[in-house]
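Notes follow once the structure below has been shown.
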Amino acid sequence: MSKKNVFGEIAFPIGSQVLSEYDRVPYGCKKVSVDVHHRNITGPVAELTRNLYFTRRVAEDMMHSPKMDPKVRHYAEDTASYAHDLEFFARQLGLAMKMPTGVDPPYLPLDMETMPDPALISLWPEPISAQLRPHRSGSFL
């Protein structure tokens, strides 16, 4: 009697967090004298969108790889489809929350609270994106 392995959906553990109004820090902190509203939800939204983007990219690479087992390619196709839909939802959530987005592809939402101090950014001689762009002759931009 041969045993046949039947797999259902594949679940990737990505962690979880309770997203409720009760977890928010009240306006200001005890050790800070300025009342600044802490939006502790923007970090998880930016991280979720970034992880879904990378999940979709890897699943699409696996789906189009000719050396993969057809069964693995089938599950990669399902994973890419789920990740695409969830990534779209996460991007829309970032837009609804008025989160800034990146200026270079893949244009993911950014969490500005995790950005470096502006004083450190001003010390950089030239933006990295400007170093990577080729100069076009005859262009006014």
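Of note:
- Each of D85, D111 was scored by other Cβ atoms within 10 Å of its Cβ. Arranged with the fewest first, they read D85, D111.
- As a rough footprinting exposure proxy, the listed residues E77, E47 were ranked by other beta carbons within 10 Å of their own, and the order from fewest upward is E77, E47.
- Across region 41-132, Cα-Cα pairs farther apart than 22 Å form 44% of the total.
The numbers here are math on the coordinates, done by the rules we state, and not lab data. All values reported here derive from a predicted model rather than from experimental measurement. All Cβ positions, even for glycine, are placed from backbone atoms using ideal geometry, and neighbour counts span all protein chains on display.
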